[in-house]
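The values are calculated or read from the model by the stated rules, or taken from the named source; none is laboratory data. Predicted, not measured: the structure shown is a model, and the values here were computed from it. Here the Cβ positions follow ideal geometry from the backbone for every residue, glycine too, while neighbour counts run over all protein chains shown. Keep in mind that these areas ignore ligands, DNA and RNA; they rest on the heavy atoms of the full protein, side chains included. Shrake-Rupley method; radii C 1.70, N 1.55, O 1.52, S 1.80 Å.
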Amino acid sequence: MGWLVLLGTAMAVVGIGLLGYCIYSAFSIKRAGLDDAEMRQQLQKIVAINMGALLLSVLGLMCVVLGVFLG
């Protein structure tokens, strides 16, 4: 079950990387000084990416735990 641990680790790392991207993007949008409607529209896109990144990280950690228990 080593492959499951490696797959889960890769998924978790990609998810954490995407979370870092979301944080960076949100700060850059805030610093851009956009009007309220434009900022809200761009931040809603970031929220969708953020939720996907959280899901990917959770699934990756679940794979790691499952691989450790089965291995």
| query | Taking 0.36 nm per intervening residue step and subtracting the Cα-Cα distance, what contour gain separates Ala37 from Leu61 on full extension? | reply | 5.0 nm
| request: For the chain, calculate the relative contact order in percent as a whole number, restricting contacts to Cα pairs under 8 Å that are 6 or more residues apart. | output: 65
| task | Give the angle, between 0 and 90 degrees and rounded to the nearest 10, that separates the Cα long axis of helix 36-70 from the longest principal axis of the Cα atoms of the chain. | result | 10
| Solvent-accessible area, 1.4 Å probe, carbon plus sulfur percent, for the chain | 75
| remark: Asserting the computed 222 nm helical MRE of the chain (DSSP H runs at least 4 long, -39500 (n - 2.57) per run, divided by residue count, to nearest 500) equals -33500 deg cm²/dmol
| field | Probe 1.4 Å, accessible area per residue of the chain, Å² | value | 70
| remark: Sorted on mean Cβ neighbours within 10 Å (highest first), peptides 19-29, 58-68 come out as 58-68, 19-29
| task | Note the angle between two axes, namely the Cα long axis of helix 2-31 and the longest principal axis of the Cα atoms of the chain, as a number of degrees from 0 to 90, rounded to the nearest 10. | result | 10
